[in-house]
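Trainee: This is the structure, below, for whatever I ask next.
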Amino acid sequence: MTRTHEKVGYLPESKEAQHTLDSAVDGVEQIFRLLEGRWKFVILFHLFGGKLKRFSELERAIPGVSQKMLIQQLRQLEADGIVRRIVHHQVPPKVEYGLTEWGQALCPALDALLKWHAQRERLGAGEGRAKA
């Protein structure tokens, strides 16, 4: 019997992509285009952890969002491959939303942003800003 580590082939460690200033700027612009929108981050947080939510659950969980805006943001996230829409063919129809694997991979990045923001709060709102 072979051991698991003998069966599994590991990819050679790849070097992280080396970015030039221009490629980094392009990458950041693409990221912001994917995630721009007032409600997209809030939607993502409600779906993290493999949670599936119906449209009405998301609507109740996000006060202040209109149906039109929630539909629009969900469609954009779905078109970009971040959110998946699961249609259950039953009566009455049931549709659930969840994150794709790629969408779930955003969790550590958004967690890092929350930690970054919490650090600013600990330092005091004024100390994190450049002095004029």
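Trainee: Determine which member of the set 73, 67, 90 is in contact with a helix residue (DSSP H, G or I) (Cβ under 6 Å, 6 or more places away or on another chain) and more than 17 Å from residue 110 (Cα to Cα).
Mentor: That would be 73, the only listed residue that is in contact with a helix residue (DSSP H, G or I) (Cβ under 6 Å, 6 or more places away or on another chain) and more than 17 Å from residue 110 (Cα to Cα).
Trainee: Mind listing whichever residues of the range 49-65 are assigned to a loop (DSSP other than H, G, I, E, B) and surrounded by fewer than 15 Cβ atoms within 10 Å (Cβ to Cβ)?
Mentor: Across the range 49-65, the qualifying residues are 49, 50, 51, 52, 63, 64.
Trainee: If I filter the range 33-44 for residues that are within 19 Å of residue 100 (Cα to Cα) and among the acidic types (Asp, Glu), do I get at least one hit?
Mentor: Yes; the residues of the range 33-44 include at least one that is within 19 Å of residue 100 (Cα to Cα) and among the acidic types (Asp, Glu).
Trainee: Tell me which residues, restricted to the range 74-104, are in a loop (DSSP other than H, G, I, E, B) and among the polar types (S, T, N, Q).
Mentor: Passing the criteria: 90, 100.
Trainee: Follow-up question, since we're still on this one. Is it the case that residue 71 is assigned to a helix (DSSP H, G or I), out of contact with any Cys (no Cβ under 8 Å at 6 or more places or on another chain) and more than 15 Å from residue 95 (Cα to Cα)?
Mentor: no
Trainee: Still on this structure, please answer the following. Select from the range 34-47 the residues that are more than 15 Å from residue 64 (Cα to Cα) and in contact (Cβ under 8 Å) with a residue 60 or more places away in the chain and write down the one among them that is surrounded by the most Cβ atoms within 10 Å (Cβ to Cβ).
Mentor: Once the filter is applied, the top-ranked residue is 44.
Trainee: Another one. Can you tell me which residue is farthest from residue 79 (Cα to Cα) among those in the range 21-36 that are of a type outside the set (A, V, I, L, M, F, W, C) and part of a helix (DSSP H, G or I)?
Mentor: 22
Readers should treat all values here as calculations from the given coordinates under stated rules, not as data from a laboratory. Since we're looking at a predicted model, the values are computed, not measured. Cβ coordinates were reconstructed from backbone atoms using ideal geometry, including for glycine residues, and neighbour counts include every protein chain displayed.
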